[in-house]
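So the structure is just underneath, and the comments pick up after that.
The values are calculated or read from the model by the stated rules, or taken from the named source; none is laboratory data. Quick caveat: nothing in here was measured; it's all calculated off a predicted structure. Counting neighbours? That spans all protein chains shown, and the Cβs are built from the backbone with ideal geometry, glycine included. Accessible surface is based on the protein model in full, side chains and every heavy atom, while ligands, DNA and RNA are left aside. Shrake-Rupley method; radii C 1.70, N 1.55, O 1.52, S 1.80 Å.
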Amino acid sequence: QRRQPHGGKVDERTQAILYRSAPCGIGLVRDRIFVEVNDQLCQLTGYGRDELIGHSSRLLYPDTEEFARVGREKDEQIQRQGSGTVESRWLRKDGTAIEVLLSCTPFASDQPSVGETFTVLDITAHKQTEQHLRDNETRYHAMIEMAVDGILLGDHQGVILEANHHICIMFGMERHALIGRHISELPFCPTSIVAAPFRFDLLRQGETVISERDFHRPDGSIISVEMRSKMLP
């Protein structure tokens with residue numbers, strides 16, 4: 001059997017194998033009407049090939065506005081860079097909504113009437129994970145704000161990244177005056193720092209460091225605080 005030379009064109013049989021075995025939906029559209037689709041796209045959408053081919057891709061979108069947005073953004077990207085990638089929401093035949101990543105490229109740049117090839121990835125699980133992380137972050141910040149203790153969050157070098165409302169009141173300082181400063185730059189009494197230096201070496205070993213310090217508030221008063229520090233993973 002004669003082998004295809006390296007760098008030569010892929011024969012139709014090889015194209016068909018790649019088309020069938022790809023782990024994502026693949027097809028060809030002309031004026032956004034399905035001309036060809038692979039089995040994976042049918043499985044993804046729940047429609048048979050005969051229900052897609054010859055029909056407008058509009059049937060997969062929840063409304064006309066989303067259909068128009070995707071077409072507009074995709075066309076703008078193709079004009080700028082030769083291909084377009086857009087996130088959207090599709091509706092399966094059973095009405096289930098899925099999040100998809102749609103990528104389109106003109107089949108032949110010199111023959112726009114031929115249509116566009118496209119790939120579709122189901123990113124529903126990825127989007128759900130992103131939303132879960134956002135929800136957790138929202139709850140996390142809410143818990144910090146509601147805490148009765150003053151809380152500072154910093155990076156592994158000791159630069160303050162976040163401060164809750166209670167510690168701002170305790171220190172008599174605005175949040176913006178705390179964030180971005182190194183913990184050692186805060187107005188602790190020098191004698192306190194000498195007596196209880198910041199032990200980042202112990203924190204990096206996973207230990208909880210407890211120390212008592214005196215803090216100079218902007219109004220001239222001094223408060224004594226107990227600091228409990230722990231390095232997060």
Measure out, as a whole number of angstrom, how far apart the alpha-carbon centroids of the range 36-60 and the range 186-227 sit.
-> 65
Portion, in percent, of the accessible area of the chain that falls on carbon or sulfur, probe 1.4 Å = 54
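What's the local net charge at Ser83, with K and R +1, D and E -1, over the other residues with C-beta under 14 Å away? Present the calculation step by step, with values, prior to reporting the outcome.
Values: positive: Lys74, Arg80; negative: Glu73, Asp75, Glu76, Glu116.
That sum, taken over residues with Cβ under 14 Å, equals -2.
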Consider a paramagnetic label point 7 Å from the Cα of Cys189 along Cα→Cβ; state which residues of the range 203-233 have an amide N under 11 Å from it.
-> 213-216, 222-225
Any chance you could run the full-extension gain for Gln43 through Ser221? It's 0.36 nm times the residue separation minus the Cα-Cα distance, nm to one decimal.
-> 57.1 nm
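Under the definition of Cα pairs under 8 Å and six or more residues apart, what whole-number percent is the relative contact order of the chain?
Numbers: 340 pairs, mean separation 24.2, N = 233.
Worked out over the chain, it gives 10 percent.
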For Gly158, the residues 5 or more places away or on another chain with a placed amide H closer than 5 Å to its own amide H are none
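Could you tell me whether the range 129-233 comes out rounded, prolate or oblate from its Cα gyration tensor? Rule is a ≥ b ≥ c as square roots of the eigenvalues, rounded for a/c under 1.5, then prolate if a/b exceeds b/c, otherwise oblate.
On the way: a/c = 2.20, a/b = 1.38, b/c = 1.60.
Oblate.
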Treat the chain as a sphere of radius equal to its Kirkwood radius over Cα pairs and apply Stokes-Einstein at 4 °C in a medium of 1.567 mPa s; give the translational diffusion coefficient in µm²/s, rounded to a whole number.
-> 56
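Per residue, how many Å² of accessible area does the range 167-209 show with a 1.4 Å probe? It would help to have the intermediate numbers written out before the result.
On the way: 2490 Å² over 43 residues.
Accessible area per residue, the range 167-209: 58 Å².
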Relative contact order (%) - criterion: Cα under 8 Å, at least six apart; region: the range 67-175 | 13
What is the extension gain from Ile151 to His176, computed as 0.36 nm multiplied by their sequence separation minus the C-alpha to C-alpha distance, in nm to one decimal?
-> 7.6 nm
For Lys93, counting only aspartates and glutamates whose alpha-carbon sits under 12 Å away and dropping same-chain residues fewer than eight positions off, the answer is Glu51
Val100: net charge of surrounding residues, Cβ under 13 Å, Lys/Arg +1, Asp/Glu -1, itself excluded?
-> 0
Using θ = phi - 60° and the Karplus relation 6.51 cos²θ - 1.76 cosθ + 1.60, list the HN-Hα couplings for the range 77-87 in order, rounded to whole Hz, with x at every Gly or Pro.
-> 5, 4, 5, 7, 9, x, 8, x, 10, 9, 8
Expressed as an acute angle from 0 to 90° and rounded to the nearest 10, what is the orientation of the C-alpha long axis of helix 124-146 relative to the principal long axis of the chain?
-> 20
Can you pull out the GluC sites (Glu not before Pro) in the range 182-233 that DSSP calls coil and that have at most 14 other Cβ atoms within 10 Å?
-> Glu207
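With a sphere of radius 13 Å drawn around the Cβ of Phe215, what net charge do the other residues whose Cβ falls strictly inside it have (Lys, Arg +1; Asp, Glu -1)?
Working: positive: Arg213, Arg217; negative: Glu185, Glu212, Asp214, Asp219, Glu226.
Around Phe215, the charge tally is -3.
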Quick note, the range 22-151: a/c under 1.5 would make it rounded; otherwise a/b > b/c is prolate and the rest oblate (a ≥ b ≥ c, C-alpha gyration tensor); here it is prolate
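Rolling a 1.4 Å sphere over the protein heavy atoms, what is the accessible area per residue of the range 32-134, to the nearest Å²?
Accessible area per residue: 56 Å².
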